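The values are calculated or read from the model by the stated rules, or taken from the named source; none is laboratory data. The model shown is predicted, which means the values in this text are computed figures rather than measured ones. Neighbour counts run over all protein chains shown; Cβ positions are idealised from the backbone, glycine included. What goes into the accessible areas is simple: the full protein's heavy atoms, side chains included, and nothing from ligands, DNA or RNA. Shrake-Rupley method; radii C 1.70, N 1.55, O 1.52, S 1.80 Å.
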Amino acid sequence: MDTDVAAITTVFTEFYYWITVALMFLIHVGFCMYEVGASRHRNHMHTLMKNSMLIPLVTVTWFFFGWWIYWAFPGGPGITGGLGHPDPSFAAAYTPWGESMGPRLDDRISGVFWAAFLLFAWTAASIVSGAVIERIRSFAFWIFAILIGSVTWSIDAAWGWHFNGWMVQLLGYHDAYASGVIHAIAGGTALGVLVVLGPRLGKFSADGTPRDILPHNPWLVCIGLFLIYTGFWGFYVACNVPVAGPGFIDGQITGSTQTATTIYLTPTTLSAITMNFLMSLAGGMLAGYMVSKGDAFWTYSGGLAGIITASAGNDLYHPVQALIIGGIGTYLMYKLHYWVERTYKVDDAVGAVAVHGYAGFIGLVIAGFVLWGHPSSPYEGFAEINPIGQFVGAIIMFWVLGFLPAWIIAKILASFDLLRIPREIELLGLDFQNNKEAEAARQSVVEGMRSSSASS
Amino acid sequence: MSTTPISSWKVDLAEVTQIYPWVGSEVLMAWVAIILWLLWHVWQLKHENAAYDEEIAKHGDEMTVRNAVSDHE
């Protein structure tokens, strides 16, 4: 910060990421409201705590190894480079004892950048949380939260959401606002857990017909989704580098114009992503309202699915493209949700696999066609964006890094009887004991007041 | 004497790097935190299992479960 311009740029960048962190907190508030609203009264507090405690657990593990993985694995390792590719000293700096992991005056960006990525990690874990409510053990869910929050999402970001990730180099993978690297992987992870965990008791009749287990509080669910929309602004903005000159991009871009860029260092503008965010939200809500015939939960979820579908290319799409892509993704994810539920008896309590997983997957594939031939990077020699690269990328996100690790861990936990709560507890309700104690405390107070009243 | 590398702010800030206490013990601090994190999971697993066992012992009889299902909300 030896010049005024350098100081302003640094302090602006620091403040920029800090604001995104504060905004992204709202995503988590929204997820908690949404999940608690979707659960039945007798499971409320357990549902809230299951989600809330992923915050400290993903935070500490992100500090211990998640952030290091991001900087250590862009080359695979062994695909386009070794551990720490392209600069091993960067990865070393982000070990929990590394030089960039504590307050220092010569590095004002690493901490806020770490935090912005951490909030993405919370989001990924929180997406899984809603799908598995009312029957998963807290211990098991927190293992999955750490798995996706601090391991698999970090690997996928290194591979496909890093300016030098091997998927960007070899596949031309483009996923500017995380259709795949957050949403598809989270949907795949949720599905991997769900197929082992099984449905909530009573979800399916004896002949396999699904029953609707309605949200206890639909209003709270919708407001939760509204808050997630709000927090999503922070998420989108955090996906950009706010100010980059050609020098920052190693002189690949000529001239002297400063620009915002995506995580791939490809130029974009805040205006572009703001318009496209809103248009894809609109496309999703319109399609969600239509396909669900005005159901509030699916209309709000449709808005989210619309954004998620268009997110892979929302740095570049025309707003009308974002609108239509958002609508298509929402329509398809809704249909897929009910088809999978009927066919495979998967009980996804909040539609997380559909809204995040299917919409994210579809969004990646669509981006491959719509952005076909666009440079995936400012660097020479990287593959261009193309349908096959995007499709392979979607498979990697949803199935390879999402479904598969979660399914394996779920199988292991189930073999030790550590995945699902005991049947009696599920029937009683997870809050049964607490509710009994609360009722006893209430009765005790009432009796005390009655005796005071009688003696006066 | 200071636990941080800073004993006076009469310095050129361009020369200042770390400002936290106990610079040089980062590896030790990280391992202490990692061990505490793992112990937390061990404690939590035991606590969760014990809570379920206790609840089933107290309320897991057929009548209570049936009533709870009837009150189901």
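Okay, here's what the table says:
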| quantity | calculated |
| --- | --- |
| In region A:52-79, residue nearest to A:ALA140 (Cα to Cα) [restricted to those that are open to solvent by 40 Å² or more (accessible area, probe 1.4 Å), more than 14 Å from chain B (Cβ to nearest Cβ) and touching a residue at least 60 places away in the same chain (Cβ under 8 Å)] | A:PHE73 |
| Residues that are under 27 Å from A:LEU105 (Cβ atoms), among the polar types (S, T, N, Q), out of contact with any Gly (no Cβ under 9 Å at 6 or more places or on another chain) and within 10 Å of chain A (Cβ to nearest Cβ), drawn from region B:1-48 | B:THR4, B:THR17, B:SER25 |
| Single unsatisfied condition, A:PHE226 versus (1) open to solvent by 10 Å² or more (accessible area, probe 1.4 Å); (2) in contact with a Ser or Thr (Cβ under 7 Å, 6 or more places away or on another chain); (3) at pLDDT 95 or above | (2) |
| Residue match in region A:305-319 (condition: open to solvent by less than 40 Å² (accessible area, probe 1.4 Å) and of a type in the set (Phe, Trp, Tyr)) | yes |
| Output for region A:203-235, where each listed residue is assigned to a loop (DSSP other than H, G, I, E, B) and under 24 Å from A:ALA296 (Cα atoms) | A:LYS203, A:THR209, A:ARG211, A:ASP212, A:ILE213, A:LEU214, A:PRO215, A:HIS216, A:ASN217 |
| Failed item in (1) at negative phi; (2) within 14 Å of another protein chain (Cβ to nearest Cβ), with A:ILE133 passing the rest | (2) |
| Residue pairs meeting the criteria (Cβ under 6 Å; at least 6 apart or on separate chains; first at the interface with another protein chain (Cβ under 7 Å from one of its Cβ atoms) and free of Cβ contacts under 8 Å to residues at least 60 places away in the same chain, in region B:49-63; second open to solvent by less than 90 Å² (accessible area, probe 1.4 Å) and not in a helix (DSSP H, G or I)) | B:TYR52/A:PRO422 |
| Scan of region A:412-433 for residues that are more than 9 Å from chain B (Cβ to nearest Cβ), within 11 Å of B:TYR52 (Cα to Cα) and in contact with a strand residue (DSSP E or B) (Cβ under 9 Å, 6 or more places away or on another chain), ordered by number | A:GLU426 |
| First in region A:321-336 and of a type in the set (Gly, Ala, Ser), second anywhere and crowded, with 24+ Cβ neighbours inside 10 Å and not in a helix (DSSP H, G or I), Cβ under 9 Å, 6 or more apart | A:ALA322/A:ASN314 |
| Region A:32-85: number of residues that are in contact with an Asp or Glu (Cβ under 7 Å, 6 or more places away or on another chain) and either assigned to a helix (DSSP H, G or I) or not charged (D, E, K, R) (or both) | 9 |
| Only listed residue being within 12 Å of chain B (Cβ to nearest Cβ), of a type in the set (A, V, I, L, M) and in contact (Cβ under 8 Å) with a residue 24 or more places away in the chain, chosen from A:MET49, A:MET33 | A:MET49 |
| Subset of region A:397-424 [farther than 12 Å from A:LEU197 by Cβ, in contact (Cβ under 8 Å) with a residue 40 or more places away in the chain and open to solvent by less than 50 Å² (accessible area, probe 1.4 Å)] | A:MET397, A:PHE398, A:LEU401, A:GLY402, A:PHE403, A:PRO405 |
